[in-house]
Structures are given as structure tokens and as C-alpha cells.
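All remarks here apply to the structure that follows.
Each value in this text was obtained by applying a stated rule to the coordinates, not by laboratory testing. As the structure is a prediction and not an experimental result, all values here were calculated from the model. As a convention, Cβ positions derive from the backbone with ideal geometry for all residues, glycine included, and neighbour counts pool all protein chains shown.
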Amino acid sequence: MSEPISTRLTKIVVRSQQESYTYTEQEILEYSHLEQPFVLYLFECGLIGSHDSASQEHHYSESDLLLLRRAQRLQRDLDINLEGIEVILRLLARIEELQRTLSQRPES
């Protein structure tokens, strides 16, 4: 009689310090399934995207896409308005920044 085979999954996360790909506004709208006013509001708040003055286009990174998906969940699941989403995203970014700072401090 054979013994059952056990399986173990390992999650590997690779993060780059530099974003390697940028999305156009049309691509970000397509991939995020959000409407343009929603994305533009977060862009104008300075939470996502960058503006290329030469081409007059907005460009978005992979982390911007992840942030948009988080914003979408806040709106869809918790029925939070855009202003509330802005506050929540800023607070979450601040918490993550503080956590990084604390993890880099030497322990005493």
C-alpha cells in the first residue's frame, strides 16, 4: 500500500525597484474595467500615473493598476465614494511606508 503524496505550494513574489512597463490610458481602462472619470480622479489626486508633457499622454505602471483594482474593490464591495477611496488609499500608502521604515531599523 502506498503512502499518500503530500503537496506543498510555495508562493514566490518578485518585485522590481523599477517599473518595467507602462500602460496607456486606454490600456489601463481596459485592464481595470473602470470608467475614465474614476481613473482620472485618482490621477488628478496624484495617486496614480504620470504625465508625459511631450506626448501629452498619461502613463500608468503595474503598481498603478494594482492600486486601481484595490480602489475598485473598495467602491464595489464597501460602496465607498471617490473621496473616501482617496483618503483610504493615502492612509494605506502611509501605513506601508511606516512599515518599511520600521523594518529597516536595526533592533536594539
- Task: Quote the charge dipole size of the stretch 22-104 about the Cα centre in Debye, to the nearest 20; the model charges only the Cβ of Lys and Arg (+1) and of Asp and Glu (-1).
- Result: 420
- Note on the structure: So ARG94 and LEU66, fully extended at 0.36 nm per residue minus their Cα-Cα distance, gain in nm 8.4 nm
- Using alpha-carbon coordinates alone, the radius of gyration and Dmax of the stretch 22-104 in Å work out to 13.4, 40
- Note on the structure: Whole-Hz Karplus couplings 3J(HN,Hα) for the stretch 66-75, θ = phi - 60° and coefficients 6.51, -1.76, 1.60, Gly and Pro as x, run 5, 5, 5, 5, 5, 4, 4, 5, 4, 6
- Message: Between LEU102 and HIS51, what's the calculated FRET efficiency when r is the beta-carbon distance and R0 is 35 Å? Round to 0.05.
- Response: 0.60
